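Okay, structure first, notes after.
The values are calculated or read from the model by the stated rules, or taken from the named source; none is laboratory data. If you're wondering where the values come from, they're calculated on a predicted model, not measured in any experiment. Methodologically, a virtual Cβ is constructed for each residue, glycine included, from the backbone with ideal geometry; neighbour enumeration extends over all protein chains shown. Only protein heavy atoms, including side chains, enter the accessible area calculation; ligands, DNA and RNA are left aside. Shrake-Rupley method; radii C 1.70, N 1.55, O 1.52, S 1.80 Å.
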Amino acid sequence: MNSSMLDWKADETLAVGKGATLHQFVATLGSDQLAIDVAPWGEAHLKINGREIAHIDYPKDRRQAFREIKKIADRYAETHMITTESTKKASSSLPPVKAKLLEGKRGLIVGIANENSIAWGCAKAFRALGAEVAVTYVNDKAKKYVEPLARALEAPIFMPLDVNKPGQMEAVFERIGKEWGKLDFVVHSIAFSPKEALQGRVVDVSREGFATTMDVSCWTFIRMAHLAEPLMRKGGTLFTMSYYGSQMVVKNYNIMGVAKAALECAVRYIAAELGPKGIRVHAISPGPLATRAASGIPEFDALLDKAKAKAPARSLVSIDDVGVATAFLAHDAARLITGETLYIDGGYHIID
Ligand SMILES: NC(=O)c1ccc[n+]([C@@H]2O[C@H](COP(=O)([O-])OP(=O)(O)OC[C@H]3O[C@@H](n4cnc5c(N)ncnc54)[C@H](O)[C@@H]3O)[C@@H](O)[C@H]2O)c1
């Protein structure tokens, strides 16, 4: 990083004990005040808004101490600029609120990896309509991409959730129970299949590849419904993301098609079981979208071309199209619609 990002100014020279002097430098970064002080005996501190965040010692070498603490400040500035810029960019992509139709509703969104994720399209739509959202990220690597988006959504709950890590899913619902005491909607927008399983023939799939695909892509929705049920005392809506490859043999979709068929079936059973409690359950089936998950499917570009050419709307869908349709189903106006697999695909699925 260019160290000129921070413009250090000597603040004042403070006299300390034994006739020694402490040099202090200050810089401004957005709304943050950074201050460095360096003592002649090689001790340096970095404070941000009055709070010490770093301390180093270079005995008898105050110049080296200053250079090193400045590097720490530069790294802070770099990270700060990246997250501030990403948050600004993400905030500007939230659609302007026209009517807060979902005001008062609170929901959990699982599956945001980046700004191309379907879950992000859903989160933007729910938030724009006035709902509050809790957001999860899969691991530390993903956190830096998801955090600015969660901030743009003003998500009061932002937690790690890798469904393979025992206890993490329970921890998310427990926190929601404690902080919100209720839940109005859940968007489950995750799927996974090991490469060998996904890219091979269904007839060749290993037991392990099958189990992992079904576990992450289907069972986790069933478990989320189980954990959400006690929090949806006044009803609610559960969503999961499916694909047309559950109904038809779509080239290269392979074992994921089998998992999505099970997922859509689970939606119907859970809709029947939880319906009397006012809990509605839907699978959303978008047309192909160029997301990170989709990059694991060979010849995906051909799928996009075919979708555009064949769909009555002659158009590909966007994550925002998926988001608003999903948000509509969470509204009380949709209270008698449940157990659906809703296609958001420009009508592709009705054409031979
Ligand atoms: N992209 C498409 O064309 C398309 C079409 C129809 C349905 N879908 C479905 O939409 C959903 C979202 O996918 P996307 O296309 O937005 O891609 P994406 O890569 O943005 O999202 C997939 C998400 O799954 C999460 N995930 C994977 N393993 C996980 C684990 N162990 N624990 C927690 N999270 C995990 C990832 O972190 C990521 O956030 C998936 O169910 C996918 O099958 C995608």
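Relative to one another, the C-alpha centroids of the range 196-242 and the range 114-156 are positioned 21 Å apart. Normalised by the number of residues in the range 141-220, the average gap of Cα pairs under 8 Å and 6 or more apart makes the relative contact order 23 percent. In this view, the solvent-accessible surface of Leu342, computed with a 1.4 Å probe and all protein chains in place, comes to about 60 Å². Among Val281, Val135, Val38, whose mean-square fluctuation peaks in a Gaussian network model of the chain (Cα, cutoff 10 Å)? In the Gaussian network model the winner is Val38.
Quick check: residue separation of Arg51 and Lys88 times 0.36 nm, minus the Cα distance between them. What number comes out in nm? It would help to have the intermediate numbers written out before the result.
Details: separation 37, 0.36 × 37 = 13.32 nm, distance 2.52 nm.
Additional length available on full extension: 10.8 nm.
In the chain, helices alone account for a calculated mean residue ellipticity at 222 nm of -12000 deg cm²/dmol, with every DSSP H run of four or more residues adding -39,500 (n - 2.57).
Which of the DSSP-defined H helices in the chain satisfy a minimum axial length of 20 Å, computed from C-alpha atoms, and a minimum mean Kyte-Doolittle hydropathy of 0.0?
Values: long enough: 62-92 (44 Å, -1.14); 254-274 (31 Å, 0.93).
In the chain, the long hydrophobic H runs are 254-274.
Quick check on packing: order 235-242, 118-125 by the mean number of other C-beta atoms within 10 Å, highest mean leading.
On the way: 235-242: 25.2, 118-125: 27.5.
Per-residue mean Cβ counts within 10 Å order the peptides as 118-125, 235-242.
Ignoring lysines fewer than eight residues from Lys195 along the same chain, the ones with Cα atoms less than 18 angstrom from its Cα are Lys251, Lys260. Basic side chains Lys and Arg get +1 at the Cβ, acidic Asp and Glu get -1 at the Cβ, and with that the dipole of the range 213-352 about its Cα centre reaches some 240 debye.
Of the DSSP beta bridges with both residues in the chain, give the percent that are antiparallel, rounding to the nearest 5. Please report the intermediate quantities before stating the final value.
Details: 23 of 49 bridges.
Antiparallel bridges make up about 45 percent of those DSSP assigns within the chain.
Rolling a 1.4 Å probe across all protein chains gives Glu115 an accessible area of roughly 90 Å². Note: relative contact order over the chain, using C-alpha pairs below 8 Å and six or more positions apart, is 12 percent.
Using r as the Cβ-Cβ distance of Ile72 and Ala290, and R0 as 41 Å, what FRET efficiency do you calculate, to the nearest 0.05? For R0 = 41 Å, the calculated efficiency reads 0.60. Only Cα pairs under 8 Å and 6+ residues apart enter the sum, and on that basis the relative contact order of the range 160-266 stands at 32 percent. Seen through its C-alpha gyration tensor, with square-root eigenvalues sorted a ≥ b ≥ c, the range 274-352 comes out prolate because a/c lies at 1.5 or above while a/b is bigger than b/c. Taking every alpha-carbon pair in the chain and binning the separations at 20 Å intervals from zero gives 27, 45, 22, 7, 0 percent.
Of interest is the spacing of the C-alpha centroids, which for the range 21-72 and the range 302-352 amounts to 56 Å.
Where does each of 188-194, 211-217 land if you order them by average Cβ count within 10 Å, highest first?
Going from most to least packed, we get 188-194, 211-217.
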